[in-house]
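Novice: A single structure is presented below for examination.
The values are calculated or read from the model by the stated rules, or taken from the named source; none is laboratory data. These numbers come from a predicted model, not from an experiment. Here the Cβ positions follow ideal geometry from the backbone for every residue, glycine too, while neighbour counts run over all protein chains shown. Accessible surface areas use protein heavy atoms only, side chains included; no ligands, DNA or RNA. Shrake-Rupley method; radii C 1.70, N 1.55, O 1.52, S 1.80 Å.
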Amino acid sequence: MAGVPVRPEERSARRRERLVEATVDAVRDLGLDRVRLRAVAQRARCAEGSIIYQFGSLENLLTTALESVVTKTDHGGVVPDWSDPPCRLRAIAAPDSQSRPDIGDWTIFMDLWVRAIRDPGARQLRQDPLNQWRELLRATLPAGVRSGHFTIPDLDATVVRLCSLMTGLAIQVAL
């Protein structure tokens with residue numbers, strides 16, 4: 001018995017997904033600035049022309065791949081809503097926490113941060129997960145103040161400080 005035929009748009013979506021995954025792997029291995037069509041095509045086992053057909057350019061593919069990494073890093077969706085604010089804060093800040101990207105993703109984020117210096121699209125892409133992280137802290141810290149675990153004179157300044165410290169820690173862990 002033959003399998004159910006796959007519609008062309010489903011086949012195209014699967015191909016695009018495979019190309020994005022191959023690109024993410026290439027960025028993890030080579031770095032954003034060293035990824036070329038050939039490296040992606042080899043990983044995806046396809047012709048370079050397929051990449052251009054699907055995405056129009058390597059730049060569009062890289063943007064889509066970076067968006068996929070940012071999208072799957074949902075800080076707020078992974079950390080449980082624990083009633084113990086110090087426990088929740090430790091989970092948010094822990095370098096090996098599920099609320100944080102894995103080490104390979106941190107290298108991608110570092111590449112993205114460098115790219116964001118000169119590329120407005122990358123700047124916005126970098127800002128989205130940072131905003132999620134800040135909102136998660138903004139939800140956690142006041143609960144700790146209310147419970148008497150934390151004393152925070154300035155919530156916004158504390159959120160910025162904690163994000164800076166945790167990002168620095170993540171860079172050290174990745175390196």
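Novice: Where the second residue is of a type in the set (Asp, Glu) and buried (at least 18 other Cβ atoms within 10 Å of the Cβ) and the first is part of a helix (DSSP H, G or I) and lies in region 22-49, which pairs have Cβ atoms under 7 Å and are six or more apart or on separate chains?
Specialist: VAL27/ASP111; LEU32/ASP111
Novice: On to the next question. Just the residues that are surrounded by fewer than 12 Cβ atoms within 10 Å (Cβ to Cβ) and hydroxyl-bearing (Ser, Thr, Tyr), please, taken from region 118-175.
Specialist: THR151, SER164
Novice: Of the residues that make up region 22-30, is at least one polar (S, T, N, Q), under 15 Å from the mean Cα position of the chain (by Cα) and buried (at least 21 other Cβ atoms within 10 Å of the Cβ)?
Specialist: So far as region 22-30 goes, yes, one or more of its residues are polar (S, T, N, Q), under 15 Å from the mean Cα position of the chain (by Cα) and buried (at least 21 other Cβ atoms within 10 Å of the Cβ).
Novice: Let me ask something else. Mind checking which pairs have a first residue in region 83-109 that is among the charged types (D, E, K, R) and a second that is assigned to a helix (DSSP H, G or I) and modelled with pLDDT under 70, Cβ under 9 Å, 6 or more apart or different chains?
Specialist: What qualifies is ARG100/HIS75; ARG100/VAL78; ARG100/ALA93.
Novice: Can GLU67 be described as in a helix (DSSP H, G or I), free of Cβ contacts under 8 Å to residues at least 12 places away in the same chain, under 14 Å from LEU112 (Cα atoms) and not small (Gly, Ala, Ser)?
Specialist: The answer is no for GLU67.
Novice: Look at SER12 and say whether it is part of a helix (DSSP H, G or I), of a type in the set (Ser, Thr, Tyr) and modelled with pLDDT under 85.
Specialist: For SER12, the condition - part of a helix (DSSP H, G or I), of a type in the set (Ser, Thr, Tyr) and modelled with pLDDT under 85 - is met.
Novice: Taking the condition open to solvent by 30 Å² or more (accessible area, probe 1.4 Å), touching a residue at least 60 places away in the same chain (Cβ under 8 Å) and not β-branched (Val, Ile, Thr), does ARG115 pass?
Specialist: Taking the combined requirement at face value, the residue satisfies it.
Novice: Which residue pairs have Cβ atoms closer than 9 Å, lie 6 or more positions apart in sequence or on different chains, and pair a first residue in region 150-175 that is more than 13 Å from PHE109 (Cα to Cα) with a second residue that is part of a helix (DSSP H, G or I) and of a type in the set (Ser, Thr, Tyr)?
Specialist: From residues that are more than 13 Å from PHE109 (Cα to Cα), the pairs are PHE150/THR158; ILE152/THR158.
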